[in-house]
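The values are calculated or read from the model by the stated rules, or taken from the named source; none is laboratory data. Just so you know, these numbers come straight off a predicted model, no measurement behind them. All Cβ positions, glycine included, derive from the backbone under ideal geometry; neighbour counts span all protein chains shown. These accessible areas exclude ligands, DNA and RNA; they are computed on the full protein's heavy atoms, side chains included. Shrake-Rupley method; radii C 1.70, N 1.55, O 1.52, S 1.80 Å.
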Amino acid sequence: MELSEAQKQVDKWIKTYGVRYFSELTNMAILTEEVGELARVMARKYGDQSFKKTDLEADMADEMADVLWVLICLANQTGVDLEEAFAKNMAKKTERDNTRHLNNEKLK
């Protein structure tokens, strides 16, 4: 799926089922919350923390999708074309870092 299609699907869902978008500031807070939920799963799965009984059913893919959902909401609300923004960001990173990591002794 293209990012533009994801943006359209989220917008249609919001207008059909969600009544309206939450405010941008509320969505920013929700995004922070969702990233925290993903961090909890990552810390327990790949880090040093053990799972609590309440965390055992956590689904990392679902948490990532929650983060993506709210990010798409924010993009829609603020007029950001995520495909265009991502393409520009990739070009920036490629130009800036095209040899940086290849030459990093810490990564060898």
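Going through the range 74-84 one residue at a time, which ones are free of Cβ contacts under 8 Å to residues at least 60 places away in the same chain and either surrounded by 12 or more Cβ atoms within 10 Å (Cβ to Cβ) or touching a strand residue (DSSP E or B) at 6+ places or on another chain (Cβ under 9 Å) (or both)?
Hits for the range 74-84 are Leu74, Gln77, Val80.
Restricting the first residue to the range 1-21 and requiring it to be farther than 10 Å from Asn76 by Cβ, which pairs with a second residue that is of a type in the set (Asp, Glu) meet a Cβ separation below 6 Å and a spacing of at least six or different chains?
Between residues of the range 1-21 that are farther than 10 Å from Asn76 by Cβ and residues that are of a type in the set (Asp, Glu), the close pairs are Leu3/Glu83; Ser4/Glu83.
So that you can scan it fast, the table gives a plain yes or no per residue for (1) open to solvent by less than 100 Å² (accessible area, probe 1.4 Å); (2) of a type in the set (A, V, I, L, M):
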site	(1), (2)
Met42	yes, yes
Tyr46	no, no
Phe51	yes, no
Ala58	yes, yes
Phe86	no, no
Thr94	yes, no
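Take Arg20 and decide whether it is basic (Lys, Arg) and open to solvent by less than 70 Å² (accessible area, probe 1.4 Å).
Considered against the rule, which asks whether it is basic (Lys, Arg) and open to solvent by less than 70 Å² (accessible area, probe 1.4 Å), Arg20 comes out as no.
Hey, can you tell me all the residues within the range 22-48 that are in a helix (DSSP H, G or I) and touching a residue at least 40 places away in the same chain (Cβ under 8 Å)? Don't jump to the end; show me each part of the working.
Just the residues of the range 22-48 that are in a helix (DSSP H, G or I), to begin with: 24-45.
Of everything in the range 22-48, those that are in a helix (DSSP H, G or I) and touching a residue at least 40 places away in the same chain (Cβ under 8 Å) turn out to be Glu24, Asn27, Met28, Ile30, Leu31.
Across the range 60-73, which residue is surrounded by the fewest Cβ atoms within 10 Å (Cβ to Cβ) among those that are free of Cβ contacts under 8 Å to residues at least 24 places away in the same chain and among the aliphatic types (A, V, I, L, M)?
Ala61
Based on what the data block shows, is Glu33 farther than 18 Å from Met1 by Cβ, open to solvent by 50 Å² or more (accessible area, probe 1.4 Å) and under 12 Å from the mean Cα position of the chain (by Cα)? Working first, answer last.
Values: farther than 18 Å from Met1 by Cβ: yes; open to solvent by 50 Å² or more (accessible area, probe 1.4 Å): yes; under 12 Å from the mean Cα position of the chain (by Cα): yes.
The answer is yes for Glu33.
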